[in-house]
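The values are calculated or read from the model by the stated rules, or taken from the named source; none is laboratory data. Model, not experiment: these values are computed from the prediction. Note that each Cβ is placed from the backbone with ideal geometry, even for glycine, and that neighbours are counted across all protein chains shown.
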Amino acid sequence: MDFLEGEILCFDKPLGWTSFNLVAKIRSQLCHRLGVKKLKVGHAGTLDPLATGVMVICTGKATKRIDELQAHVKEYVATLQLGATTPCFDLEKPIDQTYPTEHITEALLKEALGKFIGRIEQVPPAFSACKIDGKRAYDLARKGREVELKPKVLVIDEIELQAFNPEKMQATIRVVCSKGTYIRALARDIGQALQSGAHLISLRRTRVGNVRVEDCMKVEDFPGWLQNNS
């Protein structure tokens, strides 16, 4: 394989790693193996540290394809905790408010999910990589600054309720969506549609375009794979 000319690699991003952590790890191992000091490496689509799953990484001249690859349809499996919110809409921050859930049934949940299929407007989370006056929203939010982001138009092709636990008030959903969809923000909006609250407790990106998570490499397997393919 010619990593300098350009290759596309697909990894199953581990829990707790940032997208930058994964890129840095792969770049370091590639540079060591190839005996070079520098190598252009980038990823096509950020995943939060608390998310796992498909991460497409480009090397060399293939980094020119990042925009094209980012535009591909994505699929996620997410578990939502209903009845409570956090400032970042996932487990990175503690619960800041609780809401009633006695009225939530599986039928009501399915009805609410149906409202999000098609072209919708979504306000990105304050804790996101969106830029405000050249600065990342999450940098401002973590400093306690007020962050106001404008809604973005996106497309949700499918939402399927895979499981609902009425005792724990947890729901697992599968979402097929366009570039730019924040599943954390979708969790927030689903909570509001239920006249309650919600936040993510797990998120896995299961597909990007035609790349499925079962086809992706584990980070710990990369050194061995690299030895056999370079």
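Would you pick out the residues in the range 1-32 that are within 15 Å of LEU226 (Cα to Cα) and in contact with a Pro (Cβ under 8 Å, 6 or more places away or on another chain)?
GLN29
Say whether the condition of being of a type in the set (Val, Ile, Thr), under 17 Å from ILE190 (Cβ atoms) and more than 17 Å from the chain's Cα centre (by Cα) is met by at least one residue in the range 58-77.
no
Between residues in the range 25-40 that are on the phi < 0 side of the Ramachandran plot and residues that are basic (Lys, Arg) and surrounded by fewer than 14 Cβ atoms within 10 Å (Cβ to Cβ), which pairs lie under 6 Å by C-beta distance while being six or more apart or on different chains?
As it stands, the answer is none, since no pair meets every condition given.
In the set ALA171, ALA185, which member is under 16 Å from the mean Cα position of the chain (by Cα) and touching a residue at least 12 places away in the same chain (Cβ under 8 Å)?
The match here is ALA185.
Could you check the range 78-94 and list, in sequence order, the residues that are hydrophobic (A, V, I, L, M, F, W, C) and modelled with pLDDT of 95 or more?
So in the range 78-94, the residues hydrophobic (A, V, I, L, M, F, W, C) come out as 78, 80, 82, 84, 88-89, 91.
Residues satisfying the conditions are ALA78, LEU80, LEU82, ALA84.
Looking at this structure, is ILE104 modelled with pLDDT under 90, outside the structural domain of THR46 (by TED's automatic domain parsing), over 15 Å from the mean Cα position of the chain (by Cα) and β-branched (Val, Ile, Thr)?
No; evaluated as a whole, the condition is false for this residue.
Just the residues that are crowded, with 20+ Cβ neighbours inside 10 Å and within 20 Å of THR101 (Cβ to Cβ), please, taken from the range 190-206.
Within the range 190-206, ILE190, GLY191, LEU194, SER196, GLY197, ALA198, HIS199, LEU200 meet the criteria.
Starting from the range 81-104, keep only residues that are on the phi > 0 side of the Ramachandran plot, then list their pairs with residues that are assigned to a loop (DSSP other than H, G, I, E, B) whose Cβ atoms are within a distance under 7 Å, requiring at least 6 positions of separation or different chains.
Filtered contacts from the range 81-104: GLY83/TYR99; GLY83/THR101; GLY83/MET169; GLY83/SER196; GLY83/GLY197; PHE89/PRO125.
Within the range 167-185, take every residue that is under 27 Å from LEU69 (Cα atoms) and either out of contact with any Leu (no Cβ under 9 Å at 6 or more places or on another chain) or among the aromatic types (Phe, Trp, Tyr) (or both) and give me the one that is surrounded by the most Cβ atoms within 10 Å (Cβ to Cβ).
TYR182
Conditions (1) surrounded by fewer than 16 Cβ atoms within 10 Å (Cβ to Cβ); (2) over 30 Å from LEU113 (Cα atoms); (3) assigned by TED's automatic domain parsing to the domain that holds PRO125, marked per residue:
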site: SER19; (1), (2), (3): no, no, no
site: VAL23; (1), (2), (3): no, yes, no
site: CYS31; (1), (2), (3): yes, yes, no
site: GLY42; (1), (2), (3): no, yes, no
site: LEU47; (1), (2), (3): no, no, no
site: CYS58; (1), (2), (3): no, yes, no
site: ILE66; (1), (2), (3): no, yes, no
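Among the numbered criteria (1) closer than 23 Å to LYS13 by Cα; (2) out of contact with any His (no Cβ under 6 Å at 6 or more places or on another chain); (3) of a type in the set (Gly, Ala, Ser), which single criterion is violated by ALA193?
Condition not satisfied by ALA193: (1).
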